[in-house]
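The values are calculated or read from the model by the stated rules, or taken from the named source; none is laboratory data. Everything quoted here is computed from the prediction, not taken from an experiment. Methodologically, a virtual Cβ is constructed for each residue, glycine included, from the backbone with ideal geometry; neighbour enumeration extends over all protein chains shown.
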């Protein structure tokens, strides 16, 4: 499966580890952060993040989300794909903040990761292709020669938009676990 791909990138949460995050609590705290700034929050967390961007409050909202993610990374569960990370041109591209990614990789001693790009590393987040393309760039790879291993439709769409290959982690594990 990786024979045709020089560069390998993994999603983090749900692929290599499972962060322990109460997303309902995150949404409540983010909604409160927006209300404190006079902004009516939408129903879902991603909508709140977009609203925060539009209203100029991304930084305080990002702080709230990242705090939960960092704590969740410390308590995260190692998943089987973590044992398949090769020691060659490998990266992580995640919707979680970069710091939480690094914490989780460290907590679970997942080595071989040469580049980490989180939600807060670049100006956009998956399914926009920019985070994955930035990960590939940091690995000095070519998108056409990259395989992205993920666990969601968002990951698949990100790979399509970035021009990389994609494999669901369940298929990856059948081949490499």
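Brief remarks follow.
- Count - residues of the range 159-174 that are farther than 15 Å from residue 13 by Cα and in contact with a strand residue (DSSP E or B) (Cβ under 8 Å, 6 or more places away or on another chain): 8
- Selection from the range 144-165 of residues that are surrounded by 20 or more Cβ atoms within 10 Å (Cβ to Cβ) and assigned to a helix (DSSP H, G or I): 155, 158, 159, 162
- Annotation for the range 126-139: at least one member residue is assigned to a loop (DSSP other than H, G, I, E, B) and surrounded by fewer than 19 Cβ atoms within 10 Å (Cβ to Cβ).
- From the options 22, 13, 44, residue that is in contact (Cβ under 8 Å) with a residue 60 or more places away in the chain and out of contact with any strand residue (DSSP E or B) (no Cβ under 8 Å at 6 or more places or on another chain): 13
- Of the criteria (1) assigned by TED's automatic domain parsing to the domain that holds residue 162; (2) over 17 Å from the mean Cα position of the chain (by Cα); (3) in contact (Cβ under 8 Å) with a residue 24 or more places away in the chain, which one residue 93 fails: (2)
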